[in-house]
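Everything on this sheet refers to the single structure shown next.
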Amino acid sequence: MALPCWAAIWKILLTVGLVLFYYSFSIGITFFNKWLLKKFHFPLFMTLVHLLMIFILSSLSRTLMTCVSGRARVILSWSDYLKKVAPTALATALDIGLSNWSFLYITVSLYTMTKSSAVLFILFFSLIFKLEELKPALILVVLLISGGLFMFTYKSTQFDARGFFLVLAASCLGGIRWTLTQILMQKAELGLQNPIDTMFHLQPLMFLSLFPLFVGIEGLHVSTSTQLFRYQDVHSLLILLATLGVGGLLAFGLGYSEFLLVSKTSSLTLSIAGIFKELCVLLLAAHVFGDKLTLLNWSGFGVCICGIALHVALRTTHTTKEHRVALSTDMELLLRGGEDEDDEET
């Protein structure tokens, strides 16, 4: 009895540790980006730096893993890379880029609430790609989340239409992104189950996807900015580059912690952790940045969280049923095998 008890305690401690590890990067990068963009108004350039750093760090990690294990890491063919990875990379790049761009206009509170609408788009694209079945409960989930989002943004004193629609577009792209990512990682023949390998393959195409948007919107301003290429103080430039580097480390840690939490626990754990994380972000935003939230805003947040929680509960029930059906099928095959052996002996 002692061994199962210690095993359960270890599993709980491991889960709590992984959740806290995920929180440290997820909450950290949200507030870090908001703070940085108050004085550095080039979100797309910042995102490109993050993508470049993630690629460099994932490449170094793959090299280290190869040296330790003695086995070469997976490298996809150009055909698989362009056909299967490119759509995911494009959606991911635009999701991250537009999310960071929205920080120029909106508060952390409004960003957090609007970004939670990604669940709606994930459901929508899951239905299109036939990863989900349309059920009355899913319609209720959509109504709760969309209604909560409307209540949260209704007559908000700190509402900005530009930032709202930017992060809403990012949420839509996030729905495409995570749906395609699920399809990508479920293909065992690609061998991208390891988060380091996934990040390594995604970053180059993400960089190339976002670069034209950066050139068209920020290119001229960055090239003439006194903070970068026309700098007047070397010390200030080095501090800025170091600050961007810290953001890149946070971005790498966030991507790795998300995949690590899912691989070691489950997507359900990530969903539940995400719900509590949003509450933590809203409370911190009100305390750190002075975001103002009315009773109607908090009520909308509660309604939205109920919708997300219902979605998590439905996924749990569905997963449990699938597990029971699979277990029942295995037992039936086992019994049939035993009966066949008895018949042969007779």
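Could you please put H41, H287, H50 in sequence from largest to smallest accessible area, using a 1.4 Å probe? Display every interim value, and only then the final one.
Working: H41 105, H287 155, H50 10 Å².
Largest accessible area first, the residues go H287, H41, H50.
Listed highest first by mean packing, meaning other Cβ atoms within 10 Å per residue, what order do 18-26, 89-97 come in? Don't skip to the answer; put the middle values down first.
Numbers: 18-26: 18.0, 89-97: 23.6.
The most tightly packed comes first, giving 89-97, 18-26.
T243 exposes around 20 Å² of accessible area when a 1.4 Å probe is run over every protein chain in place.
Using a 1.4 angstrom probe on the protein heavy atoms only, line up V85, V74 by accessible area, largest first.
Values: V85 0, V74 40 Å².
Order by accessible area, largest first: V74, V85.
Rounded if a/c is under 1.5, else prolate if a/b beats b/c, else oblate: with a ≥ b ≥ c from the C-alpha gyration tensor eigenvalues square-rooted, which is the range 22-96? Oblate, since a/c reaches 1.5 and b/c is not below a/b. When all protein chains stay in place and ligands, DNA and RNA are ignored, the 1.4 Å accessible-area order of C280, C67, largest first, is C67, C280.
To the nearest 10, the accessible area of L64 is 110 Å² with a 1.4 Å probe.
One Cα centroid belongs to the range 36-60, the other to the range 206-254; the line between them spans 7 Å.
For I305, the accessible surface of its heavy atoms amounts to roughly 30 Å² (probe 1.4 Å, protein chains only, rounded to the nearest 10). Using the structure shown, select from K34/K83; K34/K292; K38/K292; K115/K277; K11/K135; K84/K115 the pairs with a Cα to Cα distance greater than 23 angstrom. Flagged as over cut-off: K34/K83; K11/K135; K84/K115.
The values are calculated or read from the model by the stated rules, or taken from the named source; none is laboratory data. Keep in mind that what you see is a predicted model, and the values were worked out from it rather than measured. All Cβ positions, glycine included, derive from the backbone under ideal geometry; neighbour counts span all protein chains shown. Heavy atoms of the whole protein, side chains included, go into the accessibility calculation; ligands, DNA and RNA do not. Shrake-Rupley method; radii C 1.70, N 1.55, O 1.52, S 1.80 Å.
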